[in-house]
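> Here you go, one structure.
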Amino acid sequence: MCSSAICPVCGCCPNKRNSTLTRIIYASILFLGTIVACLMLSPGVEQQLRKVPGFCEDSKGLFFAGQQAYLKCEMFLGYKAVYRFCFGMSMWFLSFSIFTVNIKTSRDPRASIHNGYWFYKFVALVASTVGAFYIPDEPFIYTWFIIGSGGAFFFILIQLVLLVDFAHSWNESWVGKMEKGNSRGWYTALLAVMTLNYGTAFTAVVLCFIFYTKPDVCFINKFFVSFNVMLCTVASVVSVLRKVQEFQPHSGLLQSSFITLYTVFLTWSAMTNEPENQTWWDAQSIVGLIMFVLCILYSSIRSSSTNQVNKLTMASKPSAIHIKESSRSDMSEESLGPRKVDNEQDTVQYSYSFFHFMLFLASLYIMMTLTNWYSPDAEYTITSKWSAVWVKVSSSWLCLALYVWTLVAPIIFTNRDFS
């Protein structure tokens, strides 16, 4: 009901482009699923389930004659319930990713399914999540833990690209305002944000040394923190080199400060997943959840002019979009009404398939974040895995490597266009 109600609610808003409105609705469905997954971790859910007549009245749970199987009460709550619910939700997004491959314009019949039929798609989502609870436990949980770790790893990289794009857009906007007037005020604002980021990162590094290392032990944690601090320093220095500035005039310490802060967060998050630091829910999970929300919102409403991001999302070139939009605006408004404007009749403004694939990876990231990257065992407890630690640490290294590569690639390959 919440999913179907999104459309009339959005109709009360000012004129919205079809491409933006559709992404907002899909993002809202993902957020709704995240809330449901959080409720499954709530301590009071089990007590409420036991109040339902005929449900969880005995140790076996609820019996389904058609499937000749019991569904234990514990399967509807806790980490295993999150695994199953997120499996159903992620498969829903993955199916749309496959279904919408190679859609070029909104005139494609498949585009109407992507942009409409919300009630039927929501029914399919419910069926997918409910069906996930009938999957046998033994081969499913561990296999899905491995897949979830890999998918979350790639979503972390997507977060990095969006973070760099956000910092680049921020820097470009404020530098443009600086050149128009009041340069001292905007320069001070840029310097303040950069200082805040580096100051927060430095404080976090000090706290990591205090709480996650000891003088004679914890050598692996000392290595993680020290090595990543060194890499962040190198990346920051590279971003302001004269040669880099010649090829990348918009690069600078503002972007590097965001990358440094993100790398420190990944390092801290990795150390909290070590077996000796095992907790059910901690601050890094909350921070990770907030970053996920901001990342999805930004990817849904942004209109990036950065070629690297457009290539990542397989979006059309902005110039072509804007030129063709102007010739179609009147026709679009007449066909879809004053509230919803179809701006994709000539070319789509983002890859439908990749957008759904990103939400598929986001579902896996949510699953791993809510379960704190732990793998439930057969006794419905949790076990922290060193594999989760190395996934996050390696992703931090790869993030820094990708960022440095975007800075030095134009210098190395001078015959290629990186503008």
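> State all residues of segment 135-157 that are surrounded by fewer than 18 Cβ atoms within 10 Å (Cβ to Cβ) and either in contact with a helix residue (DSSP H, G or I) (Cβ under 9 Å, 6 or more places away or on another chain) or free of Cβ contacts under 8 Å to residues at least 40 places away in the same chain (or both); if no residue qualifies, say none.
Applying the first criterion (surrounded by fewer than 18 Cβ atoms within 10 Å (Cβ to Cβ)) to segment 135-157 yields 135-140, 142-143, 146-147, 150, 154, 157.
The answer is 135, 136, 137, 139, 140, 143, 146, 147, 150, 154, 157.
> Going by what's in this entry, would residue 185 be described as at pLDDT below 80 and either open to solvent by less than 50 Å² (accessible area, probe 1.4 Å) or over 25 Å from the mean Cα position of the chain (by Cα) (or both)?
It is false that residue 185 is at pLDDT below 80 and either open to solvent by less than 50 Å² (accessible area, probe 1.4 Å) or over 25 Å from the mean Cα position of the chain (by Cα) (or both).
> On the given criteria, is residue 121 out of contact with any His (no Cβ under 8 Å at 6 or more places or on another chain), outside any loop (DSSP other than H, G, I, E, B), surrounded by 18 or more Cβ atoms within 10 Å (Cβ to Cβ) and among the charged types (D, E, K, R)?
Working: out of contact with any His (no Cβ under 8 Å at 6 or more places or on another chain): yes; outside any loop (DSSP other than H, G, I, E, B): yes; surrounded by 18 or more Cβ atoms within 10 Å (Cβ to Cβ): yes; among the charged types (D, E, K, R): yes.
So residue 121 fits the description; yes.
> I've got another one for you. Look at segment 84-95 and say how many of its residues are open to solvent by 20 Å² or more (accessible area, probe 1.4 Å) and farther than 14 Å from residue 36 by Cβ.
So in segment 84-95, the residues open to solvent by 20 Å² or more (accessible area, probe 1.4 Å) come out as 85, 87, 91, 94-95.
Then drop every residue that is not farther than 14 Å from residue 36 by Cβ, which leaves 91, 94-95.
Of the residues in that region, 3 qualify.
> Identify, please: which residue in segment 189-206 is out of contact with any helix residue (DSSP H, G or I) (no Cβ under 8 Å at 6 or more places or on another chain) and farther than 27 Å from residue 176 by Cα and is, among those, most open to solvent (accessible area, probe 1.4 Å)?
Among them, the one singled out is 202.
> Keeping to segment 344-398, report how many residues are among the small types (Gly, Ala, Ser), within 14 Å of residue 144 (Cα to Cα) and at pLDDT 85 or above.
The number of residues fulfilling the criteria is 1.
> Then there's this: Just give me the residues in segment 58-101 being closer than 30 Å to residue 351 by Cα and either modelled with pLDDT under 60 or in contact with a strand residue (DSSP E or B) (Cβ under 8 Å, 6 or more places away or on another chain) (or both), in sequence order. If you could, list the steps in order and put the result at the bottom.
First, the residues of segment 58-101 that are closer than 30 Å to residue 351 by Cα: 82-101.
Residue satisfying the conditions is 83 alone.
> Name the pairs: first residue in segment 24-42 and within 14 Å of residue 78 (Cα to Cα) and among the hydrophobic types (A, V, I, L, M, F, W, C), second residue outside any loop (DSSP other than H, G, I, E, B) and at pLDDT 90 or above, Cβ to Cβ under 6 Å, at least 6 apart or on different chains?
Going by the 6 Å Cβ cut-off, the qualifying pairs are 37/85.
> Pick out the one residue from 105, 195 that is touching a Ser or Thr at 6+ places or on another chain (Cβ under 9 Å), part of a loop (DSSP other than H, G, I, E, B) and farther than 24 Å from residue 36 by Cα.
Details: 195 fails: part of a loop (DSSP other than H, G, I, E, B).
Of the residues listed, the single one that is touching a Ser or Thr at 6+ places or on another chain (Cβ under 9 Å), part of a loop (DSSP other than H, G, I, E, B) and farther than 24 Å from residue 36 by Cα is 105.
> Of the conditions (1) within 30 Å of residue 179 (Cβ to Cβ); (2) assigned to a helix (DSSP H, G or I); (3) among the small types (Gly, Ala, Ser), residue 226 fails just one. Which one is it?
Among (1) within 30 Å of residue 179 (Cβ to Cβ); (2) assigned to a helix (DSSP H, G or I); (3) among the small types (Gly, Ala, Ser), the lone unmet condition for residue 226 is (1).
> Something else: Considering only residues of segment 207-223 that are not in a helix (DSSP H, G or I) and not polar (S, T, N, Q), which is surrounded by the most Cβ atoms within 10 Å (Cβ to Cβ)?
We begin by selecting, within segment 207-223, every residue not in a helix (DSSP H, G or I); these are 213-218.
Retained after the next criterion (residues that are not polar (S, T, N, Q)): 214-218.
On the way: 214: 12, 215: 6, 216: 5, 217: 9, 218: 17.
Residue satisfying both the conditions and the ranking: 218.
> Being open to solvent by less than 20 Å² (accessible area, probe 1.4 Å), of a type outside the set (Val, Ile, Thr), closer than 15 Å to residue 114 by Cα and modelled with pLDDT under 70, is that true of even one residue in segment 16-27?
No - not one qualifying residue is present in segment 16-27.
The values are calculated or read from the model by the stated rules, or taken from the named source; none is laboratory data. Model, not experiment: these values are computed from the prediction. FYI the Cβ positions are ideal-geometry reconstructions off the backbone, even for glycines, and counts take in every protein chain you see. We work out accessible area using only protein heavy atoms, side chains counted, and drop any ligands, DNA or RNA first. Shrake-Rupley method; radii C 1.70, N 1.55, O 1.52, S 1.80 Å.
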